[in-house]
């Protein structure tokens, strides 16, 4: 393919204006393996000129580009000199989901609902429930140090709640922190351990740890940085599982099936009366056929919610849109059930309008949406 044709396709591709035939031609060339080494240099030059903030690809194209840019042997001296820059560019491209990519902030043809433009992530606030059942809204009015009704001393800033050591001298109290905002919220426990709560998540904990164990209970998704103390083990209870810290940073996703991802240190996971598993760093554990299974984790994707993004890698479209529904308080209806199994790569920001999220997937040419209030219908995109 000559450079003028490549340039034209790239520009149409970048702007989300490829016709069906042009998209097939572009994808065919990218996947053909017929590119010269100069193609990588040309592509890098085009990439450096483009202003792309969020990108999407299908997994076949992701693999083809990864195989071409990263795996293909590099032999020429010119290419060897270029290689560090190509690898750097490839890393960015793959992390941000390069492949068949489109700009998210451009309107897709056929956008048929103003409603989606107006739907922002839900903002229902963060609440602290005391032992007596009293619920306190942790809003900007409650910034600073204060003593609450049960006598507990605590500090609050805009996105973090922390407890004071002097609470150990008070009568033991149990609090529940619930995050219904559109951003993560941080909790510093009395022992210095830290918990980051995702949206629609909660943690129940004592204001001071006494006795032989430190026990907390969670729902939703929570990331922990635990202050290890072998004399007073730290355990997280989530439905029928117990995750015991052995000096650790780990993520627990319990929105549906419980999945524990270990970033560093070690945890022991218990389920039922006899089943247990010690997880190694970089692995994740979950129940499969009533057995605990450990596999290699994608740590970046497992923890990218801490950066305000929705991970796409290794997930079906159904799983992704379930999370979108939780964030934007909308319900998805599937006109074509086969679309539920579509998979994409990368991540998308979850702080933007719903319309941008929908356009992100529209621009793959595989799926489309209509929006009616808080109901979003998913259907196959017409060619």
If you scan region 341-357, which residues turn out to be in a loop (DSSP other than H, G, I, E, B) and modelled with pLDDT of 90 or more? 342
Scan region 326-337 for residues that are assigned to a helix (DSSP H, G or I) and crowded, with 16+ Cβ neighbours inside 10 Å and jot them down. 326, 327, 328
Suppose the filter is crowded, with 20+ Cβ neighbours inside 10 Å and not assigned by TED's automatic domain parsing to the domain that holds residue 223; does residue 348 pass it? yes
Region 299-325, residues that are modelled with pLDDT of 90 or more and more than 11 Å from the chain's Cα centre (by Cα): 316, 317, 318, 319, 321, 322, 325
Could you count how many residues in region 199-219 are under 18 Å from the mean Cα position of the chain (by Cα), buried (at least 20 other Cβ atoms within 10 Å of the Cβ) and either assigned to a strand (DSSP E or B) or on the phi > 0 side of the Ramachandran plot (or both)? 1
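Any chance region 153-175 includes a residue that's under 18 Å from the mean Cα position of the chain (by Cα) and not in a helix (DSSP H, G or I)? Steps first, answer last, please.
Taking region 153-175 and keeping what is under 18 Å from the mean Cα position of the chain (by Cα), we get none.
No, the conditions are met nowhere in region 153-175.
For (1) assigned by TED's automatic domain parsing to the domain that holds residue 285; (2) modelled with pLDDT under 95; (3) under 19 Å from residue 302 (Cβ atoms), each residue gets a yes or a no:
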site: 192; (1), (2), (3): yes, yes, no
site: 197; (1), (2), (3): yes, no, yes
site: 213; (1), (2), (3): yes, yes, no
site: 221; (1), (2), (3): yes, no, yes
site: 241; (1), (2), (3): yes, yes, yes
site: 244; (1), (2), (3): yes, yes, no
Touching a helix residue (DSSP H, G or I) at 6+ places or on another chain (Cβ under 8 Å), within 24 Å of residue 311 (Cα to Cα) and surrounded by fewer than 20 Cβ atoms within 10 Å (Cβ to Cβ): is that true of residue 159 in this structure? no
Which ones in region 221-239 are crowded, with 20+ Cβ neighbours inside 10 Å and in contact (Cβ under 8 Å) with a residue 24 or more places away in the chain? 221, 222, 223, 224, 226, 234
Within region 240-266, which residues are exposed (fewer than 15 other Cβ atoms within 10 Å of the Cβ) and closer than 19 Å to residue 319 by Cβ? 256, 257
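Every residue, every condition in (1) outside any loop (DSSP other than H, G, I, E, B); (2) without any contact (Cβ under 8 Å) to a residue 40 or more places away in the chain, yes or no:
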| residue | (1), (2) |
| --- | --- |
| 320 | yes, yes |
| 324 | yes, yes |
| 339 | yes, no |
| 359 | yes, no |
| 368 | yes, no |
| 371 | yes, no |
| 382 | no, yes |
Within region 271-298, considering residues that are over 13 Å from residue 260 (Cβ atoms) and not in a loop (DSSP other than H, G, I, E, B), the one modelled with the highest pLDDT: 296
Consider only pairs whose beta carbons are under 6 Å apart and that are at least six residues apart or on different chains; among these, list those whose first residue lies in region 3-20 and is at positive phi and whose second residue is modelled with pLDDT of 70 or more. 16/363
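The values are calculated or read from the model by the stated rules, or taken from the named source; none is laboratory data. Nothing here was measured: the structure is a model prediction, and the numbers come from that model. Note that we place each Cβ from the backbone using ideal geometry, even for glycine, and neighbour counts take in every protein chain shown.
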